[in-house]
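The values are calculated or read from the model by the stated rules, or taken from the named source; none is laboratory data. Please read all numbers here as calculations on a predicted model, not as lab measurements. With ideal geometry, Cβ positions are generated from the backbone for all residues, glycine too; neighbour counts draw on all protein chains shown. Each accessible area value is taken on the protein alone, full model and side chains, heavy atoms only, with ligands, DNA and RNA left out. Shrake-Rupley method; radii C 1.70, N 1.55, O 1.52, S 1.80 Å.
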Amino acid sequence: GFLLFAGALEIDLHLLHNQRWEIAIMALGSTLIPTIIIGYFSYWALALCGWVLPLIYCMLFGALISPTD
């Protein structure tokens, strides 16, 4: 945890501001794509096991697990 915050002290905020759209697109895409993949995969895998779970719950699981990968 300490190294994470120590690394944040070295960020050039002007450069970060100039690249805000690239960063936003990459962060959003790298969260949405795994959310959809994990959501549909878990929906399919649970259906194979005989457990019927609504797709929205599987997508919620995907959304919770994607940023923590």
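What the table shows:
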{"quantity": "Subset of segment 42-57 that is out of contact with any helix residue (DSSP H, G or I) (no Cβ under 8 Å at 6 or more places or on another chain) and not aliphatic (A, V, I, L, M) - its residue that is nearest to THR68 (Cα to Cα)", "calculated": "TYR57"}
{"quantity": "Flag if ALA63 is out of contact with any helix residue (DSSP H, G or I) (no Cβ under 8 Å at 6 or more places or on another chain), open to solvent by less than 70 Å² (accessible area, probe 1.4 Å) and small (Gly, Ala, Ser)", "calculated": "no"}
{"quantity": "Flag if ALA47 is out of contact with any Asp or Glu (no Cβ under 9 Å at 6 or more places or on another chain), modelled with pLDDT under 95 and either within 30 Å of LEU13 (Cα to Cα) or of a type in the set (A, V, I, L, M, F, W, C) (or both)", "calculated": "no"}
{"quantity": "Residue tally, condition assigned to a helix (DSSP H, G or I) and either over 18 Å from the mean Cα position of the chain (by Cα) or surrounded by fewer than 10 Cβ atoms within 10 Å (Cβ to Cβ) (or both), over segment 21-50", "calculated": "7"}
